[in-house]
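What follows is one structure encoded as structure tokens, with my remarks underneath.
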Amino acid sequence: MAKKHCPNCGGALDIHPTDAIITCSYCGTSFTPDGTKMKEHFALQVNYSESDALDTLKAYLVKVPGVANDLAQQISLKEISMTYYPYWVYTVQGDVSYRGIDKKASFRGQSGGRYSSIHWEWVAESGHQEQTRQIRLYAGPKVRGEIVNYPIATRSRRYFNFEEAKQHTANVLFSKVSEEAAKQQAIGTTKNIIYSRINRETERVEEAKENFVVTDHAYIHVPIYHIQFTVGGGKTYEAALDASNGRVIYTEIPRTTGFKLKALGSAAFWFILTIIGAAVAFLSYQGIHLISGLDLFYPAIGLTTISGILGILTLYYVTRGVTAERAR
Amino acid sequence: MESTTKPIETMTALKCQSCNAPLTVSPDDVVIVCGYCGYTTTIEGDKIDNHFVLEPTVDASDVREKVTDWVGRGGKAQVTEAILRFVPFWVEEMHAHSTYQGYKKHQETEYYTDSQGKRRSRTKIEYEPIQGTFDENRSINVLCRRGATFYSQGELDKALQVTKREVKPFNYNSITAAEKNPLFLNSELTDADAYEIAETYVEDDHRSRADSRATEIWDCHTRIQKTGSYLLHVPHWLVRYRFGTETYRVGIDGYTKKVLKGEVPVTTAFRAAMYFVSILFLFIGTVGTYFVAEFLRPQGLEMLSFAVVILSLIIAAFAIRQTFKISSEKRE
């Protein structure tokens, strides 16, 4: 940790050596460690209040199997906080003219419309590829994958409104990725897309003239609610919700004890069958037949595999959380 | 602080050139439709004349009725909200010409009798040159949004590519006859952006069609010439309904009245049935395997009874997944 002074208001801020863009917690100005103020800093608007967010979460959870139908009455909020996560969004226009060699086939040994062998020769090839792509990068400190890969809707971005962040006592995270690094990464991604298209047409590129232009770029903070809740006291569950569109990014699921017991009972039932199947298969393999004259090897293998996998799936489905993809 | 906390007002201070109403504009918008009079301009202020629309064929009460019917379950679904949105597309018209070259590999097993009189097999490989051209006029609808922003957006995009529809010149008055407060989504793509996307799409389409005809295509060249373009607004209804204590969404194509995609409740009866299916296939995978193995034993092929195990496993695993799924989606 080091101290840095805001170039706008002079406030002292604790920063980490890896921070690339700092947002002043006193006045909301964003600046780089060398003290240059960012001209353009965007954020998504907070459209969901804390109680809206909680209602959305309840409406989502109540649809999940194993959750009590009267969850809305039982749920109690332990903590709700807002964090602004930083993302870079770059629009890159790439243009590559290339010269190289490509393979061309000739055929030998004709019979009918077909040939018995194929021979490759090399020919000169030239061409041109143009692609414009919007590249989105999560720029903050290490967090859960659901947030890193969250497909933010850049459409509703506005200029960063510090008053709004302050009003929600939000924690505004600093970017670990500088503007230049983000730009290079976005160009690199666009370049890969263009070259994968070129490589489809050309065996080897020998000479290329590249031109990459950033047509638009934005540093965007996305407000996300972190919610901790309990259901009728007991264990604490966590969830994250997009404060601008109300989407559930992830949530842990408060399944009822009754449901969990039933699920565990059913998984135990599957696993007992797995063991029985494995034992019978083993004995049959050794030539010991439980019922004389009946070779139970194959059905026992069937029993052990199917019930084993059903047991594993049951455990998986009743314990997993929910990611943005499923919560959409 | 002046540069970082510009008030939102400066972003929305644009006024409609035709009726002077304030316009709601986000920084990503490049084509703006006035919500009060329908006047459409680029962000630079140039009027867009080649603007068309698919006129909605259903109003809010039709949509409510439609959703209640579609959900079924004794009409217990209660529609709480129905929003009509006009979604922008650029329709890019072009002439595309491709030539491709490649080959198809044919592999055949031949049986023959060798000099010792034994039956033998050999694999014969032959190559067939493949070449051809695609020469066609294409009209590609490019959805003018960069990020996914509303429910069933992808389905609307797809539906539009496959059904031929009658477009009409954009006329604000005839639209407001069906819905008093239509919501227009602005376009985040310029005509040129959309053309580039359409071009890439057609190039890839020709390439994949050529690929499907051959083992390998070593050369595929496409020349594309733009012949025209227009902005098209397509009606889309987003409907929310309550079923018991739960809320679900349905997206409806405002032109064909079809449900693009909708969430439907998963009932306990359905879950119980699926659980029963998984047990049933465990039974089939065990007892069935026994009989299949016994049947195949005389031929020495009893190993093949594993196929019954694998098949039963796939069905049982699918049924378990259905048992615990959170919500179900249906298309019409």
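The values are calculated or read from the model by the stated rules, or taken from the named source; none is laboratory data. Computed from a predicted structure; not experimentally measured. For neighbour counting, all protein chains shown are included, and Cβ atoms are generated from backbone atoms with ideal geometry for every residue, glycine included. Each accessible area value is taken on the protein alone, full model and side chains, heavy atoms only, with ligands, DNA and RNA left out. Shrake-Rupley method; radii C 1.70, N 1.55, O 1.52, S 1.80 Å.
How high is the FRET efficiency between A:SER81 and B:VAL25 when r is their beta carbon distance and R₀ equals 30 Å, given to the nearest 0.05?
Values: r = 31 Å, r/R0 = 1.05.
Efficiency computed from Cβ-Cβ geometry: 0.45.
Need the list of aspartates and glutamates near A:LYS183 for cross-linking: C-alpha distance under 13 angstrom, and skip anything on the same chain fewer than eight residues off.
Here the aspartates and glutamates satisfying the reach criterion relative to A:LYS183 are A:ASP216.
Which values, in whole Å and largest first, are the semi-axes of the equivalent ellipsoid of chain A obtained as the square root of 5 times each eigenvalue of the Cα gyration tensor?
On the way: eigenvalues 441, 375, 50 Å².
The equivalent ellipsoid of chain A has semi-axes of 47, 43, 16 Å.
Students often get this wrong, so check it: of A:LYS63/B:LYS158; B:LYS15/B:LYS164; B:LYS15/B:LYS180; B:LYS66/B:LYS180; A:LYS58/B:LYS180, which have C-alpha atoms separated by over 26 Å?
A:LYS63/B:LYS158; B:LYS15/B:LYS164; A:LYS58/B:LYS180
Can you show me the helix-derived [θ] at 222 nm for chain A, built from DSSP H runs with n ≥ 4 at -39,500 (n - 2.57) apiece and divided by the number of residues, rounded to the nearest 500. Please report the intermediate quantities before stating the final value.
Working: 8 runs with 105 residues, N = 328.
Here the helix-only value at 222 nm equals -10000 deg cm²/dmol.
Kirkwood Rh over alpha-carbon pairs of the stretch B:165-208, then Stokes-Einstein at 20 °C and 1.002 mPa s: what D in µm² s⁻¹, rounded to an integer?
Numbers: Rh = 13.6 Å.
Once the numbers are plugged in, D ends up at 158 µm²/s.
For the stretch A:6-153, just the Cα atoms, rotate onto the principal axes and tell me the three extents in Å, largest first.
Projected onto its principal axes, the Cα set of the stretch A:6-153 covers 80, 54, 26 Å.
Specify the residue with the greatest mean-square fluctuation among B:LYS258, B:LYS47, B:LYS180, computed from a Gaussian network of chain B linking alpha-carbon atoms under 10 Å apart.
Most flexible of the set in this elastic network: B:LYS180.
Under a plain spin-label model, where a point goes 7 Å from the Cα along Cα-to-Cβ, how far apart in nm are B:ASN137 and B:ASP205?
Computed distance between label sites B:ASN137 and B:ASP205 equals 1.5 nm.
Across all directions of projection, what mean area in square nanometres is found for the Cα convex hull of the stretch A:216-328?
Values: hull surface 48.7 nm².
For the stretch A:216-328, averaging the hull's shadow over all directions gives 12.2 nm².
Could you calculate the FRET efficiency of A:ILE272 with B:LYS76 from 1/(1 + (r/R0)^6), where r is the beta carbon distance between them and R0 is 41 Å, rounded to 0.05?
Calculated transfer efficiency: 0.55.
Just to verify a number: what accessible area does B:THR190 come out at with the full protein assembly present, 1.4 Å probe, Å² rounded to tens?
50 Å²
Rounded to the nearest whole Å², what accessible area per residue is found for the stretch A:1-119 with the 1.4 Å probe? Present the calculation step by step, with values, prior to reporting the outcome.
Values: 5320 Å² over 119 residues.
So the stretch A:1-119 comes to 45 Å² accessible per residue, rounded to a whole number.
Test of understanding: in a Gaussian network model of chain A with alpha carbons linked when under 10 Å, which of A:LEU310, A:LEU54, A:LEU296 would top the mean-square fluctuation ranking?
Greatest mean-square fluctuation among the candidates belongs to A:LEU296.
Can you pull out the GluC sites (Glu not before Pro) in the stretch B:30-82 whose DSSP state is coil and whose Cβ has at most 14 other Cβ atoms within 10 Å?
Working: sites: B:GLU44, B:GLU65, B:GLU81; in loops: B:GLU44.
Filter output for the stretch B:30-82: B:GLU44.
Defining a contact as two alpha carbons under 8 Å apart and six or more residues distant in sequence, what relative contact order in percent does the stretch B:268-327 show?
Details: 54 pairs, mean separation 29.4, N = 60.
Result for the stretch B:268-327 is 49 percent.
Compute the acute angle (0 to 90°) between the alpha-carbon long axis of helix B:306-323 and the principal axis of greatest extent of the alpha-carbon atoms of chain B; round to the nearest 10°.
Rounded to the nearest ten degrees, it is 30.
Within straight cross-link reach of B:LYS118, meaning Cα distance under 22 Å, which lysines are found once same-chain residues fewer than 8 apart are removed?
Here the lysines satisfying the reach criterion relative to B:LYS118 do not exist.
Expressed as a whole percentage, what fraction of the accessible surface of the stretch A:214-282 belongs to carbon and sulfur atoms when a 1.4 Å probe is rolled over the protein heavy atoms?
Exposed carbon and sulfur together represent 68 percent of the surface.
Connecting C-alpha atoms closer than 10 Å in a GNM of chain A, tell me which of A:GLU238, A:GLU121, A:GLU252 has the biggest fluctuation.
In this elastic network of chain A, the residue with the biggest mean-square fluctuation among A:GLU238, A:GLU121, A:GLU252 is A:GLU121.
Once the convex hull of the alpha carbons of the stretch B:271-325 is built, what does its volume come to per residue, in cubic angstrom? Don't skip to the answer; put the middle values down first.
Values: hull volume 2.3 nm³, N = 55.
Measuring per residue, one finds 43 Å³ for the Cα hull of the stretch B:271-325.
How tilted is helix B:268-283 with respect to the longest principal axis of chain B? Cα atoms for both, answer in degrees (0 to 90, nearest 10).
20 degrees
What number, rounded to the nearest 500 deg cm²/dmol, is the helix-based mean residue ellipticity at 222 nm of chain B, given -39500 (n - 2.57) per DSSP H run of at least four residues and division by all its residues? If you can, show how the numbers build up before the last one.
On the way: 8 runs with 95 residues, N = 332.
Counting only the DSSP helices, I get -9000 deg cm²/dmol.
Using a 1.4 angstrom probe on the protein heavy atoms only, could you order A:ILE275, A:ILE193 from most to least accessible area?
Values: A:ILE275 120, A:ILE193 45 Å².
Ranking A:ILE275, A:ILE193 by accessible area, largest first, yields A:ILE275, A:ILE193.
So, in Å, what gap is there between the alpha-carbon centers of the stretch B:314-331 and the stretch B:236-265?
The stretch B:314-331 and the stretch B:236-265 have Cα centres spaced 20 Å from each other.
Using just the alpha carbons, could you tell me how many Å³ per residue the convex hull of the protein assembly as shown encloses? If you can, show how the numbers build up before the last one.
Details: hull volume 160.3 nm³, N = 660.
Cα-based convex hull of the protein assembly as shown, divided per residue, equals 243 Å³.
Based on the alpha carbon coordinates of the stretch A:258-323, what radius of gyration and maximum Cα-Cα distance (Dmax) apply, in Å?
15.0, 52
For all pairs of alpha-carbon atoms in chain B, what percent lies in each bin of width 20 Å, listed from the first bin to the last filled one?
Calculated over all Cα pairs of chain B, the distribution is 21, 37, 31, 9, 1 percent.
For the modelled label position 7 Å from the Cα of A:THR256 along Cα-to-Cβ, which residues of the stretch A:206-245 have backbone nitrogen atoms closer than 17 Å?
A:231-235
What are the aspartates and glutamates whose alpha-carbon lies under 16 Å from the alpha-carbon of B:LYS104, with same-chain residues fewer than 8 places away excluded?
B:GLU126, B:GLU128, B:ASP211, B:GLU216, B:ASP219
Roughly what would the spin-label model give for A:THR18 and B:GLU110, points 7 Å off Cα along C-beta, in nm?
The two pseudo-label positions are separated by 6.5 nm.
Among the residues of the stretch A:55-84, which ones have their accessible area go down by 40 Å² or more when all the protein chains sit together, as opposed to their chain alone (1.4 Å probe)?
A:VAL62, A:LYS63, A:PRO65
Taking each residue in A:304-312, count the Cβ atoms of any other chain within 10 Å of its Cβ, then average. What number comes out? Walk me through the intermediate numbers first.
Values: counts 2, 8, 16, 7, 1, 5, 9, 1, 2.
Mean partner-chain Cβ count within 10 Å for A:304-312: 6.
Quick test of the membrane-span-like rule: which DSSP H helices of chain A reach at least 20 Å along their long axis (C-alpha atoms) with mean Kyte hydropathy at least 1.0? Show your work: numbers first, answer last.
Working: long enough: A:179-201 (34 Å, -0.95); A:257-285 (41 Å, 1.40); A:297-319 (33 Å, 1.38).
Helix filter hits for chain A: A:257-285, A:297-319.
Can you pull out the buried accessible area for chains A and B, both sides counted, probe 1.4 Å, rounded to the nearest 100 Å²?
Details: alone 18540 and 19940 Å², together 32180 Å².
Interface area, both chains combined: 6300 Å², rounded to the nearest 100.
Would you kindly work out the equivalent ellipsoid of the stretch B:103-163 from its C-alpha gyration tensor and give its semi-axes, the square roots of five times the eigenvalues, largest first in whole Å? Write out the running numbers ahead of the final one.
Details: eigenvalues 581, 64, 16 Å².
Result for the stretch B:103-163: semi-axes of 54, 18, 9 Å.
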